[in-house]
Amino acid sequence: MTILTLCSENGIELGSWTDSAVIGEKLAAVGIDYQHLATRPLDDLSPEAVMACYQDAIANWQQQGGYQSVDVVSLQPDNPNAGELRRKFLDEHIHSEDEVRFFAAGSGIFYLHLNHHVYALTCTQGDFLSVPAGTRHWFDMGLEPYFVAVRLFTNPDGWVAQHTGDPVASNFIDAA
Ligand SMILES: [Fe+2]
């Protein structure tokens, strides 16, 4: 289930929402584009099937955001590099381009550090999120990561994390 939780910077919960329309409004108010596609889960989660199923939505997102390239990334809990991959995104960072994801399956938590608050969005199947370039954020795929996500890029080379050095994420993440 998709959940948006608003927290103080030191991790105190201030509010929580599960209705996708309300989540969209809350995030739009702070400049974040979130959408939910009410589609059935796919049986075939191959990149080709995911791209084919969501081709119209992907084309719209590409046009709206000027995203030149698209791919599908898949991570399974038994991936031997799961722990290393998880740690890679756990510290607060920014990118020089938007981080745009659509979850075709599985889940992951985006933490957006905005206006001295942290918006924690647990993304699940059907969720689209665009994190604008320069937004302080981090991502937790969990101890047993599982997701199949469409990624949209203006330039894949721009998606390199620049860490902020702010330890705020440690108030939210159990990195054990
Ligand atoms: Fe990121």
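Data for the structure
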quantity: Near pairs, Cβ below 8 angstrom, 6+ apart or cross-chain, from the stretch 80-106 (of a type outside the set (Gly, Ala, Ser) and open to solvent by 20 Å² or more (accessible area, probe 1.4 Å)) to any residue that is near the ligand (Cβ under 10 Å from one of its atoms) and not in a strand (DSSP E or B); calculated: Lys88/Ala161; Phe89/Ala161; Ile94/Thr135; Ile94/Ala161
quantity: Residue match in the stretch 150-165 (condition: of a type outside the set (Asp, Glu), open to solvent by less than 50 Å² (accessible area, probe 1.4 Å) and either without any contact (Cβ under 8 Å) to a residue 40 or more places away in the chain or in contact with a helix residue (DSSP H, G or I) (Cβ under 7 Å, 6 or more places away or on another chain) (or both)); calculated: yes
quantity: Selection from the stretch 1-24 of residues that are loosely packed, with under 13 Cβ neighbours inside 10 Å, modelled with pLDDT of 95 or more, of a type outside the set (Gly, Ala, Ser) and within 18 Å of the chain's Cα centre (by Cα); calculated: Thr18, Asp19, Val22
quantity: The stretch 34-57, subset part of a helix (DSSP H, G or I) and of a type in the set (A, V, I, L, M), residue surrounded by the fewest Cβ atoms within 10 Å (Cβ to Cβ); calculated: Ala52
quantity: Residue within the stretch 58-78 that is surrounded by 12 or more Cβ atoms within 10 Å (Cβ to Cβ), within 16 Å of the ligand (Cβ to nearest atom) and free of Cβ contacts under 8 Å to residues at least 40 places away in the same chain present; calculated: no
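The values are calculated or read from the model by the stated rules, or taken from the named source; none is laboratory data. Since we're looking at a predicted model, the values are computed, not measured. As a convention, Cβ positions derive from the backbone with ideal geometry for all residues, glycine included, and neighbour counts pool all protein chains shown. With ligands, DNA and RNA removed, areas are computed over all heavy atoms of the protein, side chains included. Shrake-Rupley method; radii C 1.70, N 1.55, O 1.52, S 1.80 Å.
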